[in-house]
Amino acid sequence: RWLKISMDMYQENILEHYENPQNFGEISNPTVSVEDSNPLCGDKLGVHILIDDKEIIKDIKFHCHGCAISMAAMSMLTEKLLGKNINYIKDLSKDDILEMLGIPISMTRIKCALLSLKISKLGFIEYHKDK
């Protein structure tokens, strides 16, 4: 019974982030802007990150055309990244994203869940490319 209540709570959290995504939108002059997609399902995701002189993520916004899992994962991840050093992204893993989502993700949906991680890592690489 506890597991069912816990699963329902996480599913509600995913739906909440899908219906009311946090940090959705664009930044007019981002430090980094990257986009990518999941060709298997058609999800498209872009992230815009504003980084200050101390390499702190001062603002982060995303846009997404995709399923509830990819949208919710990116919404949750932006909340986690805001105020952190850009180098924090380097150490994020698949397990961090799956733990954040809190529900079992099927093999067919794993790429949806991890698109947020992929796009964040691409932003990290783009930021450090010219440094």
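The values are calculated or read from the model by the stated rules, or taken from the named source; none is laboratory data. Here the structure is a predicted model, which is why all the values come from computation and not from measurement. Note: ideal-geometry Cβ built from the backbone for every residue, glycine included; neighbour counts use all protein chains shown. To get the accessible areas, we keep the full protein, side chains included, count just its heavy atoms, and leave off ligands, DNA and RNA. Shrake-Rupley method; radii C 1.70, N 1.55, O 1.52, S 1.80 Å.
Quick look at the numbers
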| read-out | value |
| --- | --- |
| Test: residue in segment 94-113 that is within 10 Å of the chain's Cα centre (by Cα), touching a residue at least 40 places away in the same chain (Cβ under 8 Å) and crowded, with 21+ Cβ neighbours inside 10 Å | yes |
| Residues (out of contact with any helix residue (DSSP H, G or I) (no Cβ under 6 Å at 6 or more places or on another chain), modelled with pLDDT of 95 or more, open to solvent by less than 70 Å² (accessible area, probe 1.4 Å) and not in a loop (DSSP other than H, G, I, E, B)) located in segment 19-53 | Ser33, Gly46, His48, Leu50 |
| Breaking point among (1) surrounded by fewer than 19 Cβ atoms within 10 Å (Cβ to Cβ); (2) out of contact with any Cys (no Cβ under 8 Å at 6 or more places or on another chain); (3) of a type outside the set (Phe, Trp, Tyr), for Leu81 | (1) |
| Asp59 being part of a strand (DSSP E or B) and of a type in the set (Asp, Glu) | yes |
| Segment 77-87, residues that are part of a helix (DSSP H, G or I) and either more than 15 Å from Val32 (Cα to Cα) or modelled with pLDDT under 95 (or both) | Leu77, Glu79, Lys80 |
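Yes or no, residue by residue, for (1) farther than 17 Å from Gln11 by Cα; (2) part of a loop (DSSP other than H, G, I, E, B); (3) touching a Leu at 6+ places or on another chain (Cβ under 6 Å); (4) among the polar types (S, T, N, Q):
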site	(1), (2), (3), (4)
Lys90	yes, no, no, no
Leu98	no, no, no, no
Ile103	no, yes, no, no
Leu122	yes, no, no, no
Tyr127	yes, no, no, no
